[in-house]
1. Just to confirm a number: summing +1 for Lys and Arg and -1 for Asp and Glu over residues other than residue 67 whose beta-carbon lies under 15 angstrom from that of residue 67, what do you get?
2. Compute the acute angle (0 to 90°) between the alpha-carbon long axis of helix 167-195 and the principal axis of greatest extent of the alpha-carbon atoms of the chain; round to the nearest 10°.
3. Round to the nearest 0.05 the FRET efficiency obtained for residue 140 and residue 114 when R0 = 25 Å and r is the Cβ-Cβ distance.
4. First measure r as the distance between the Cβ atoms of residue 149 and residue 76, then evaluate 1/(1 + (r/R0)^6) with R0 = 22 Å and state the FRET efficiency to the nearest 0.05.
5. Using only Cα atoms and rounding to the nearest 10 degrees, what angle (0 to 90) does helix 111-139 make with the longest principal axis of the chain?
6. Report, in degrees rounded to the nearest 10, the 0 to 90 angle that the Cα long axis of helix 2-27 makes with the longest principal axis of the chain.
7. How big is the Kirkwood radius of the stretch 10-180, worked out from every pair of different alpha carbons and given in Å to one decimal?
8. Of the peptides 74-83, 38-47, how do they stack up when ordered by the mean number of other Cβ atoms within 10 Å, highest first?
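None of the figures in this text is laboratory data; all of them are computed from the coordinates on show. This structure is a prediction, so every number in the text was calculated from the model and none was measured. Neighbour counts are summed over all protein chains in view; Cβ atoms, including those assigned to glycine, are modelled from backbone coordinates with ideal geometry.
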Amino acid sequence: MEDTKKSINVVQGVVIVAIGAALYGLGGLIGIPIFANTTIKPAMAILALFSGIYGPIIGFLVGFLGHLITDSLAGWGIWITWVIGSGIVGIVGGLYPIITKNSINKGLMNSKQIGLFILLAFVGNFVGYMISAVLDYFIYAEPLNKVITQQLLIAGVNTIVIAILGTLLMKLVASRNASKQNLVEEKEEDEVKEEKPTK
């Protein structure tokens, strides 16, 4: 029985990663250019959502594979350094359910948790894409001032996108989960009432 449960979780994980990576990857094709090879990407909210719900492993895979899809389809070639950066963003964002003890699954997302979600988005983007920028400098001999400018812009803009769109998506999921939680509690109360003998 235990093995079946684990294999179902693996299957679910694969499906979740596939959906998340496809949404993030295809969504990454939509952006507003703001600097050399740098765009405002609303799809960052998708990465933040999957990381914030499912944790660092799925977050990494959605970020890494999704960015790989974007680069493959966009026609500018695969920049593995930035693919790695997106994976790191997913790992850091994936700390959210661990730190909050999966509060989103219980339908909870208060202002303190929103602050944590945004802070993790900033740290993930800053660290992840700083690593990308440094790797670009050493591997591809990109000008240091260019990659640092890209990194700072991306960290700031992505954090704003996640703070607005990502928080909205997370609040919607929390609200849906709270409704499900209430339905389960009402059903349990009804079952308890039915079990009590009537006089």
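1. It works out to a net charge of -1.
2. Tilt of helix 167-195: around 10 degrees.
3. The value I calculate is 0.10.
4. Approximately 0.75, to the nearest 0.05.
5. Helix 111-139 sits roughly 30 degrees off the main axis of the chain.
6. 50 degrees
7. The Cα-based Kirkwood calculation yields 15.7 Å.
8. Descending packing order for the listed peptides: 38-47, 74-83.
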